[in-house]
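Chemist: For reference, the structure I am asking about is given below.
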Amino acid sequence: MKVLKFGGTSVGKPERMHSVAQLISDAEPKIVVLSAVSGTTNALVDIAAKLTKGDTSAAEAAIEQLFTPYAAFVEQLVTTSDAKAKGHAIVKKHEDIIRSYVNASGFGDKETRLFLAQGELISTQLFQTYLEEKGYNSVLLPALEFMKTDADSEPMLGYIEEKLKEQLEIHPGKHLYITQGYICLNHQGEIDNLKRGGSDYTGTLIGAALRLEEIQIWTDIDGMHNNDPRIVKRTYPIPELSFDEAAELAYFGAKILHPTCIRPAHIRNVPVRLLNTMQPEQRGTVISTKSTDRDVTAVAAKDNITAITVKSTRMLNAYGFLRRIFEVFEKYKTSVDMITTSEVAVSLTIDDDKNLVKIIAELNDFAVTEVDKDQTIICIVGNFSKDRIGASKRLFDALEQIPVRMISYGGSAHNISVLVKTEDKNRALNEINERVFFASGVLS
Ligand code: ADP
Ligand code: ASP
Ligand code: MG
């Protein structure tokens, strides 16, 4: 059995849903994970934000704008009057849930999470309605019955495995299961989600939980490219990546993959294939344990980074300094991405600045701090083992006109990270593309 995840653009139009149905029409057993119709989750975020602010009339207008196009979507998706009635009823049910909160008092986080779940609930039911009309022997698997996170918001792989197996056993004789990406229950049993882009994570968690043959992530591009195609013109797909390389690229901003979705696949050694719904004949990218021997593989960039420099006031023994710093980050469950040190100071970066004020206040008890916001980590993934030379020179030549705030090299053999101001990111990625990836003349 395989798991196939289709992203927002892959189910973004009725004709796209028809193509997805085609792609899954063979008899091979599969679990199909769908995202919300593209634009829906963004709209739901926006509606929830308006209600949180108490801006009722703006929220009502946004609800109207989100749901109006679904009527035409249903009309073009299915043909029989029964299926159309069913489709409209699905949309209405979820629109009514949203509308029932418009005048409710105390709209907050919990309600927002409930709103964000509606997109995947709608897309999967509409798709199932189409499959039924076409005579597919498919069944809906409710993600909320098996997808769960713990008190640290980490998916519970053992629980997912157990509950998913139970769900599959409810439907003997079926070989095509449709489920929602992104949504889950949290440790309090409330509706929650796996963070933006989380349908990829649902796909890899299912593949890992059931130790499936392969995880396929179908999107709107032919695999992982060497650089961000939204920013850089001349990029190319990478046929093979190791789990480590893919995990690093995803974590450091390659939007094609959710930041932590490679982890479960890696743990249980299930290969991940990235494929293009619009061009299914393209080979895409395969992610597996196979290591590759390239100098440089790809570059990715992660925005919204805060850099913190912590200077010792020399009142503390040097050997206690790092421990005290990291205890503060641990206390606030804030993970640190980059670190560089000098004799009297440490610079580090975080991407979650929710507790920044408290963290800085505690650090200031024993050190002097300096904070820089709006930073971007540029992460170059490749083979930088000790005996290799050349790649770092090409990288720093490429960055000669760009101010660099931090450099991290040697933490692992397959990653060099630099921290730049976000305003310099596009220039940096373009320079790196020309001078690191195309410099050798091998690629042109
Ligand atoms: P989906 O809705 O299918 O999950 P996403 O928008 O989340 O799709 O991810 C696909 C997009 O990721 C591509 O259209 C592309 O613009 C962007 N992207 C950013 N970096 C990369 C990269 N290194 N390789 C491929 N795509 C990338
Ligand atoms: N619909 C969710 C989002 O837009 C999850 C996903 O598309 O992966 O973030
Ligand atoms: Mg995505």
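Chemist: List the pairs whose first member sits in the range 193-206 and is farther than 11 Å from Lys148 by Cα and among the small types (Gly, Ala, Ser), whose second member is within 10 Å of ligand 3 (Cβ to nearest atom) and in a loop (DSSP other than H, G, I, E, B), and whose Cβ atoms are under 6 Å apart, counting only residues at least 6 apart or on separate chains?
Modeler: Cβ pairs passing all conditions: Gly197/His258; Gly198/Tyr182; Gly198/His258; Ser199/Ser35; Ser199/Gly181; Ser199/Tyr182.
Chemist: Output the qualifying pairs, or none if there are none: Cβ atoms under 6 angstrom, residues six or more apart or on different chains, first residue in the range 334-352 and at pLDDT 90 or above, second residue in a loop (DSSP other than H, G, I, E, B) and not polar (S, T, N, Q).
Modeler: Every condition considered, the pairs that remain are Thr334/Asp352.
Chemist: Moving on. Those residues that are among the hydrophobic types (A, V, I, L, M, F, W, C) and within 16 Å of ligand 2 (Cβ to nearest atom), I need them from the range 225-259; list them, please.
Modeler: Of the range 225-259, the ones among the hydrophobic types (A, V, I, L, M, F, W, C) are 231-232, 238, 241, 243, 246-247, 249-250, 252, 254, 256-257.
The answer is Ala250, Ala254, Ile256, Leu257.
Chemist: Restricting attention to the range 1-58, which residues are out of contact with any strand residue (DSSP E or B) (no Cβ under 7 Å at 6 or more places or on another chain), under 16 Å from Thr277 (Cα atoms), hydrophobic (A, V, I, L, M, F, W, C) and within 16 Å of ligand 1 (Cβ to nearest atom)?
Modeler: Once the filter is applied, which keeps residues that are out of contact with any strand residue (DSSP E or B) (no Cβ under 7 Å at 6 or more places or on another chain), under 16 Å from Thr277 (Cα atoms), hydrophobic (A, V, I, L, M, F, W, C) and within 16 Å of ligand 1 (Cβ to nearest atom), the range 1-58 yields Met17, Leu23, Ala36, Val37.
Chemist: Does the range 307-333 hold any residues that are crowded, with 18+ Cβ neighbours inside 10 Å, among the hydroxyl-bearing types (Ser, Thr, Tyr) and at pLDDT 95 or above, and which are they? Let's see the steps before the verdict.
Modeler: In the first step, residues of the range 307-333 are kept if they are crowded, with 18+ Cβ neighbours inside 10 Å; the result is 307-310, 312, 321, 325, 328-329.
Pick out the ones that are also among the hydroxyl-bearing types (Ser, Thr, Tyr) and you get 309, 312.
Once the filter is applied, which keeps residues that are crowded, with 18+ Cβ neighbours inside 10 Å, among the hydroxyl-bearing types (Ser, Thr, Tyr) and at pLDDT 95 or above, the range 307-333 yields only Thr309.
Chemist: Take the conditions of a type in the set (Val, Ile, Thr), more than 15 Å from ligand 3 (Cβ to nearest atom) and surrounded by 19 or more Cβ atoms within 10 Å (Cβ to Cβ) and apply them to Ile256. Does it pass? Working first, answer last.
Modeler: Numbers: of a type in the set (Val, Ile, Thr): yes; more than 15 Å from ligand 3 (Cβ to nearest atom): no; surrounded by 19 or more Cβ atoms within 10 Å (Cβ to Cβ): yes.
So Ile256 does not fit the description; no.
Chemist: Mind listing just one residue for me: the one in the range 95-130 that is in a loop (DSSP other than H, G, I, E, B) and of a type in the set (A, V, I, L, M, F, W, C) and, of those, nearest to His175 (Cα to Cα)?
Modeler: Here is the first cut: in the range 95-130, the ones in a loop (DSSP other than H, G, I, E, B) are 100-108, 117.
Filter again for of a type in the set (A, V, I, L, M, F, W, C), leaving 102, 104, 107, 117.
Values: Val102: 40, Ala104: 42, Phe107: 41, Ala117: 26 Å.
Ranking the candidates gives Ala117 first.
Chemist: Pull up the range 177-224, narrow it to residues that are assigned to a strand (DSSP E or B) and surrounded by fewer than 20 Cβ atoms within 10 Å (Cβ to Cβ), then point me to the one that is farthest from ligand 2 (Cβ to nearest atom).
Modeler: Our first condition is that a residue be assigned to a strand (DSSP E or B); within the range 177-224, this holds for 177-180, 183-185, 191-193, 214-219.
Right, trim to surrounded by fewer than 20 Cβ atoms within 10 Å (Cβ to Cβ) and you get 185, 191, 214.
Details: Leu185: 16, Ile191: 14, Glu214: 19 Å.
Filtering first and then ranking leaves Glu214.
Chemist: Looking only at the range 266-275, which residues are farther than 17 Å from Ala298 by Cβ and within 16 Å of ligand 2 (Cβ to nearest atom)?
Modeler: Answer for the range 266-275, where residues must be farther than 17 Å from Ala298 by Cβ and within 16 Å of ligand 2 (Cβ to nearest atom): just Leu275.
Chemist: Sticking with this structure for a sec: Output the strands (runs of 3 or more DSSP E) that fall wholly within the range 314-401 and possess 3 or more residues being of a type in the set (Asp, Glu), or say none.
Modeler: Details: elements: 336-341, 345-350, 367-382.
Answer list for the range 314-401: 367-382.
Chemist: Tell me yes or no: at least one residue of the range 298-320 is in contact with a Gly (Cβ under 7 Å, 6 or more places away or on another chain), within 16 Å of ligand 3 (Cβ to nearest atom) and at positive phi.
Modeler: For the range 298-320, residues in contact with a Gly (Cβ under 7 Å, 6 or more places away or on another chain), within 16 Å of ligand 3 (Cβ to nearest atom) and at positive phi: absent.
Chemist: Continuing with this model, one more query. Output the number of residues of the range 20-52 satisfying the condition of being within 16 Å of ligand 3 (Cβ to nearest atom) and surrounded by fewer than 18 Cβ atoms within 10 Å (Cβ to Cβ).
Modeler: So the count comes out to 3.
The values are calculated or read from the model by the stated rules, or taken from the named source; none is laboratory data. Predicted model only: the values in this text are computed from it and were never measured. All Cβ positions, glycine included, derive from the backbone under ideal geometry; neighbour counts span all protein chains shown.
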